[in-house]
1. Based on the Cβ-Cβ distance of A181 and E43, what FRET efficiency does E = 1/(1 + (r/R0)^6) give at R0 = 56 Å, to the nearest 0.05?
2. Classify the range 168-259: rounded, prolate or oblate, from the alpha-carbon gyration tensor (a ≥ b ≥ c, eigenvalue square roots; a/c under 1.5 rounded; otherwise prolate if a/b is larger than b/c)?
3. Using +1 at the Cβ of each Lys and Arg and -1 at the Cβ of each Asp and Glu in the range 31-190, identify which of H176, I33, Q52 lies farthest towards the dipole's positive end.
4. Using only C-alpha positions, report the orientation-averaged shadow area of the convex hull of the range 6-62, nm², one decimal.
5. Between the DSSP loop rule and a limit of at most 16 other Cβ atoms within 10 Å, which trypsin sites (Lys or Arg not before Pro) in the range 77-157 are left?
6. Return the distance in nm (one decimal) between the two label points of a simple spin-label model at R307 and T128, each offset 7 Å from Cα along Cα→Cβ.
7. Just to confirm a number: summing +1 for Lys and Arg and -1 for Asp and Glu over residues other than S167 whose beta-carbon lies under 10 angstrom from that of S167, what do you get?
8. May I have the pair-distance distribution P(r) for the chain, computed from all Cα-Cα distances with 10 Å bins from 0 and rounded to whole percent?
Amino acid sequence: MKLQQLRYIREIQRNGYNISLTSDKLFTSQPGISKQVALLEDELGVQIFERQGKHLSGATEIGSQIIREASKMLEIEERIKALSASVTSPDMGRVNVYTTNAIAKFLLPETVHFFMKKYPKVSLHMGTIEPETRGNTLPSGPYDFSIVAQDVDEQMDLAVLPAYKWSLALIVPSNHPLATAENITLEQLAQEKLISYELKSTGRGAIDDAFKQKGLTPKYIVTAMDAEVIKEYVSLGVGIGIIASVATHALSDSITVRSLEGLVPDCYAWLCYNKNTYLQQYMYDFIEKFAPHLTKNVIQNTSHLPRAELTKWFDDRDLMTYQ
């Protein structure tokens with residue numbers, strides 16, 4: 001049994017049992033992976049994957065257990081390497097940051113600029129996560145961080161820390177009565193044709209909860225996960241929109257932005273990573289630059305807490321809020 005074989009079966013599962021995709025991500029050949037998987041199955045005397053013709057369709061029951069144990073072994077290997085690197089080359093390494101286009105475009109540039117200037121020998125990769133991605137599909141390798149603006153499923157091996165709070169804003173055509181109204185109420189918004197996020201998004205949940213508490217039922221005529229789509233339909237006069245405030249920058253003069261402070265509560269955004277990852281100092285520095293309340297000491301004292309305790313702990317701390 002070789003660690004490389006264990007790495008192959010773990011990555012095959014992570015990539016939806018697609019050997020072609022796995023070989024691309026591991027920069028190796030499909031036949032090479034298939035051969036090593038077959039050798040491992042022969043050695044163990046069990047079938048790890050279910051097969052339909054030449055394709056893998058999933059893991060067998062025993063295969064799922066083997067992959068879980070293999071993942072634990074590989075995480076230990078990765079921690080040992082990271083621990084050694086913290087002494088032998090503390091200013092070298094890599095970080096993979098997975099996030100949405102909006103966060104990467106509007107919120108991360110200052111942090112990335114700081115990080116690359118301070119750690120020029122660290123390779124930084126920016127990957128995209130779709131806004132609806134849940135916690136059970138977040139990348140969780142030894143160099144991976146995810147920054148997401150929606151709720152994340154609570155999992156045993158996933159550290160999920162509050163990164164910042166974000167607010168929602170109303171966008172309306174500049175000739176709309178609400179563009180110049182002195183005060184805006186939820187009762188007024190409930191009478192309008194609304195364009196906002198899809199039901200599974202955190203922002204939509206916050207909006208609907210605010211209406212529900214008032215006994216109101218909003219009327220959505222268009223929903224989308226992408227704020228750019230929502231802005232486009234508002235500009236066409238289809239309806240009025242509610243989107244994250246951070247996505248309201250650089251709008252045309254034909255659209256007016258109105259604050260919803262006091263009407264719709266702020267939402268949390270989360271920083272996520274595998275609890276078994278050994279965090280290098282440059283990783284701590286990246287996190288603290290982006291979320292100043294998440295110091296090394298705070299992370300070490302809170303990353304193990306369950307969600308309810310974690311949220312309560314941070315309720316008394318000042319988190320940056322993006323308006």
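1. Given R0 = 56 Å and the Cβ-Cβ separation, E is 0.20.
2. oblate
3. Farthest towards the positive end: I33.
4. Taking the Cα atoms of the range 6-62, their convex hull projects to 3.5 nm² on average.
5. Qualifying residues, ordered by number: K121, R134.
6. Between R307 and T128, the label points sit 2.7 nm apart.
7. -1
8. 5, 22, 26, 22, 16, 7, 1, 0
Bear in mind these aren't lab numbers, they're just calculated from the coordinates by the rules spelled out. Here the structure is a predicted model, which is why all the values come from computation and not from measurement. Positions of Cβ are generated from backbone atoms using ideal geometry, with glycine treated the same way; all protein chains shown enter the neighbour counts.
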